[in-house]
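The next block holds one structure in the form of structure tokens; read it before the comments.
The values are calculated or read from the model by the stated rules, or taken from the named source; none is laboratory data. This is a predicted model, so every value here is computed, not measured. Cβ atoms come from the backbone with ideal geometry, glycine included; neighbour counts cover every protein chain shown. Quick note on the areas: whole protein, heavy atoms, side chains included, nothing else; ligands and nucleic acids left out. Shrake-Rupley method; radii C 1.70, N 1.55, O 1.52, S 1.80 Å.
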Amino acid sequence: MTDDALREVSGFAIALDRAYAPATHMWVRPTGDLHVTIGMDPLGVETSGTLAQLSLPEPGQVLIAGQPFGQLEAVKFVGPLTSPVSGTVRAVNAAAAADPGLVEREPFTAGWLIKAILSDPADLGKLLTDPQAITDWYAARIADYRLSGAIAR
Amino acid sequence: MTALLPVLGSPAKISPDYVRISYASAVALAMKSGRFSREFDFGGINLLLNYDEGCLSDCGYCGLARTRQADYGDQFIRVEWPLVRTGELVDRMAEHEDKLTRLCISMVTHGHAYADTCDITKRIAARVKTPLSILVAPPTLNRHRLETFKAIGVDMIGIGLDAVTEQLFRSIRTDVPAGGLKWEKYWEVVTDSREIFGPWKVNVHTLVGLGETDQDLIEIFTRLRDQQIFSYLFCFNPEPDSRMASHPKSPLMRWRRIQLAKHLIETEGYQAGQFDFDADGSLVHLRASRSAVDAVVSQGVAFMTNGCPGEQGEPGCTRPYGSYRPSEPFRDYPFPPAATDLDQIKAQLRLDEVLG
Ligand code: SF4
């Protein structure tokens, strides 16, 4: 990722060189030939609280868009990691599984979660890719979370 | 020649100017980001005195114990307890007062703990009307000091007895490398507190799973109930690096039955004689009608977190996920259990085995 792709929206970083599944806080970065890398955006990470454990799938596991592929556990929160696309897991970030803090520190780079190969390239078209749409969505979500008290002041 | 001046370190972040707060409290006061897995109103704020030396007691199950292997850093009872400035904390409490239900200062065994608890209590009471408890450190107290707590606005006193028999208390809290806590002293503080604070204004924390029997627990529940003192249940949860790190948790079935028994004794007036035990002290039979027990179970209150109440008697100190991880089954519920929760509770209780 180049620094040019990185923006700050209301105090939270967002990378504009990839696609987003707004409901799940997952990002998808195409890396060529139906290959993608998937991770979690910093807002999803921050509002979960301090991460305690990540349960990630094995390579070869089938992904179904909208279905959990793993689980995130924070100090007071547990929730699914929901796949933004359908396909098959090719690689898992063992470093992030061993140290979930990596996802907090470097959500767009070293803190990726899985690499996958898409079964249906049309899935990408269902995600947010337009930079303006991404920043608008992000700003609205940040405002919601601030209102609900999920973001520290 | 140039004289070398001593390099002064930054001032220690210790009480009374700093305290630790539970992660849930920090979220409620927007001092930490985060959410709970299930949405519910939360307003129980738990503070813990903080000293460089930690706690000078040495209890086998505790993350603050003096001879625990690891430096406890920000991790107490497994999760992060952020260190905050007391002044900022009190400002936040005042700002969020409308949603606060109960405040509590947990003392630790330390020479400054009493004076610092008084100082912090006064700072809070001057700004916030939410009822305040102190979870006391008996070795630091006497009757006069308890009277002072009452005089400066403390509403309830909690005593962390934890080990419910004298023998267990001695083996875990007295006869340990840097132990020395006295069973008699704990009960002296229970008695004094009851006299000073009045009926149902004192509670004794009882920890389930340290090695006590069901019979031991039921005896202490009835003994305390008869003195109008609450027993508050806590579920032993092995603390990494403590001496009891590999000691198992109570099975869920036992924990649920103990929750139910405690509720029946404290709220429904059951007597010790209504519980039958085997030779090992395990509960084997409950002398009660099935319909009466089913009605109590269905209310769900028996399985909610035991804690000092809010001003109107509502749940006050609810410590969400205090003795289990968010990914584990609830041990105590910080909200009224929903219908699906009650189905699980009923399955865990296996009441057919002890009724009828
Ligand atoms: S139940 Fe909660 S508020 Fe009451 S003494 Fe114990 S920790 Fe404090």
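Of note:
- Listed by position, the strands (runs of 3 or more DSSP E) inside region A:47-88 whose residues that are on the phi < 0 side of the Ramachandran plot, within 8 Å of chain B (Cβ to nearest Cβ) and over 15 Å from the mean Cα position of the chain (by Cα) number at least 2 are A:51-55.
- Pick from region B:17-36, criterion in contact with a helix residue (DSSP H, G or I) (Cβ under 8 Å, 6 or more places away or on another chain) and hydroxyl-bearing (S, T, Y), ranking: surrounded by the fewest Cβ atoms within 10 Å (Cβ to Cβ): B:Y18
- Qualifying residues in region B:308-343 (those that are in a loop (DSSP other than H, G, I, E, B) and exposed (fewer than 14 other Cβ atoms within 10 Å of the Cβ)) - the one nearest to the other protein chains (Cβ to nearest Cβ): B:P329
- Here B:I120 fulfils each of the conditions (1) at pLDDT 95 or above; (2) touching a Pro at 6+ places or on another chain (Cβ under 6 Å); (3) open to solvent by 20 Å² or more (accessible area, probe 1.4 Å) apart from (3).
- Candidates in region A:96-109 are the residues that are under 22 Å from A:R18 (Cα atoms) and open to solvent by 40 Å² or more (accessible area, probe 1.4 Å); of these, the one that is nearest to the other protein chains (Cβ to nearest Cβ) is A:E104.
- Enumeration of residues in region B:95-115 that are of a type outside the set (D, E, K, R), surrounded by fewer than 15 Cβ atoms within 10 Å (Cβ to Cβ) and not in a loop (DSSP other than H, G, I, E, B): B:A115
- Long-range neighbours under 9 Å by Cβ, at least six apart or interchain, first residue facing chain A (nearest Cβ under 9 Å) within region B:31-50, second of a type in the set (D, E): B:M31/B:E88; B:K32/B:E80; B:S33/A:E46; B:G34/A:E46
- Identity of the residue in region B:130-169, of a type in the set (K, R) and away from the ligand (no atom under 16 Å from the Cβ), that ends up farthest from the other protein chains (Cβ to nearest Cβ): B:R143
- Selection count where residues are open to solvent by 10 Å² or more (accessible area, probe 1.4 Å) and among the small types (G, A, S), scope region A:22-61: 5
- Filter pass, B:L89 being touching a helix residue (DSSP H, G or I) at 6+ places or on another chain (Cβ under 9 Å), within 14 Å of the ligand (Cβ to nearest atom) and not charged (D, E, K, R): no
- Inside region B:180-194, residues that are under 17 Å from B:D58 (Cα atoms) and under 20 Å from the mean Cα position of the chain (by Cα) make up a count of 5.
- Scanning region A:128-153 for residues being away from chain B (no Cβ under 14 Å) and open to solvent by 20 Å² or more (accessible area, probe 1.4 Å) gives a total of 12.
- B:R325 being closer than 26 Å to B:N203 by Cβ and in contact with a Phe, Trp or Tyr (Cβ under 6 Å, 6 or more places away or on another chain): no
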